[in-house]
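One structure is given below, encoded as structure tokens.
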Amino acid sequence: VIATRDHPDFKETVQSADHVLPDGIGIINAAKMMGTPLQERVSGIDTMRAMLAYAEEQGYSAYFLGAKEEANRKAVERAERRFPKLKIAGRHHGYADLDDEAFVESIAATEPDIIFVALGMMKQEQWIRDHMDRFDKGVFMGVGGSFDVLSGEAKRAPDIWIRFQLEWLCRLIKQPKRITRVMKVAQF
């Protein structure tokens, strides 16, 4: 929310999305305080896993774009183990010229049904906005650090921390460099 305030072009991108998930307890609490409560927090990683299960069930394919090579590869391997009938359209790490026409065309040529984009906030949403018209079909989802979690490179907070709305604190303890993000939450 703070990023949309500070970056009008990003705000426009977010507002043009078909769906925006309330992935953050701050959003849930703010909505409640404003008298327009949201039903629940919807995390990106949980949504991604549900989409992978649905894709497996329906015979859809998924493309994994973003993160570091190792996390990307492991995320795909783990997705294949957990969802053995899932069709993998392809994968590519996020350290390439992502705006290169040939690169975008190579992804579109795989004809994925779902494109998971893990490039980090703002960059992934803008990549989706700038390139989705190159695809004949597909559901695009910006998934932030979900490849890191799916790959095992990063761990989610224990359920008790999540239940007590302290996932942010657990992540801060594990990754003190996230203090800037926590300050943005406090500002929000």
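Couple of notes before you dig in:
- Single match in 46, 18, 9 (criterion: closer than 15 Å to residue 144 by Cα and open to solvent by 70 Å² or more (accessible area, probe 1.4 Å)): 46
- All of 144, 152, 94 fail the test of being within 16 Å of the chain's Cα centre (by Cα), within 21 Å of residue 1 (Cα to Cα) and open to solvent by less than 40 Å² (accessible area, probe 1.4 Å), apart from 144.
- Candidates are the residues of the range 164-181 that are assigned to a helix (DSSP H, G or I) and under 16 Å from residue 23 (Cβ atoms); the one that is most open to solvent (accessible area, probe 1.4 Å) is 181.
- In summary, residue 52 fulfils each of the numbered conditions (1) open to solvent by 30 Å² or more (accessible area, probe 1.4 Å); (2) under 16 Å from the mean Cα position of the chain (by Cα) with the single exception of condition (1).
- The listed residue being touching a residue at least 60 places away in the same chain (Cβ under 8 Å), within 17 Å of residue 124 (Cβ to Cβ) and either under 19 Å from the mean Cα position of the chain (by Cα) or in a strand (DSSP E or B) (or both), out of 13, 4: 13
- Scanning the range 64-83 turns up no residue that is among the aromatic types (Phe, Trp, Tyr), modelled with pLDDT of 95 or more and open to solvent by 40 Å² or more (accessible area, probe 1.4 Å).
- With respect to the conditions (1) in a loop (DSSP other than H, G, I, E, B); (2) in contact with a Ser or Thr (Cβ under 7 Å, 6 or more places away or on another chain), residue 89 lacks only one, and its number is (1).
The values are calculated or read from the model by the stated rules, or taken from the named source; none is laboratory data. Computed from a prediction, not measured in an experiment: that's the story for all the values here. Note: ideal-geometry Cβ built from the backbone for every residue, glycine included; neighbour counts use all protein chains shown. These area figures cover heavy atoms from the full protein model, side chains too; ligands, DNA and RNA do not enter into them. Shrake-Rupley method; radii C 1.70, N 1.55, O 1.52, S 1.80 Å.
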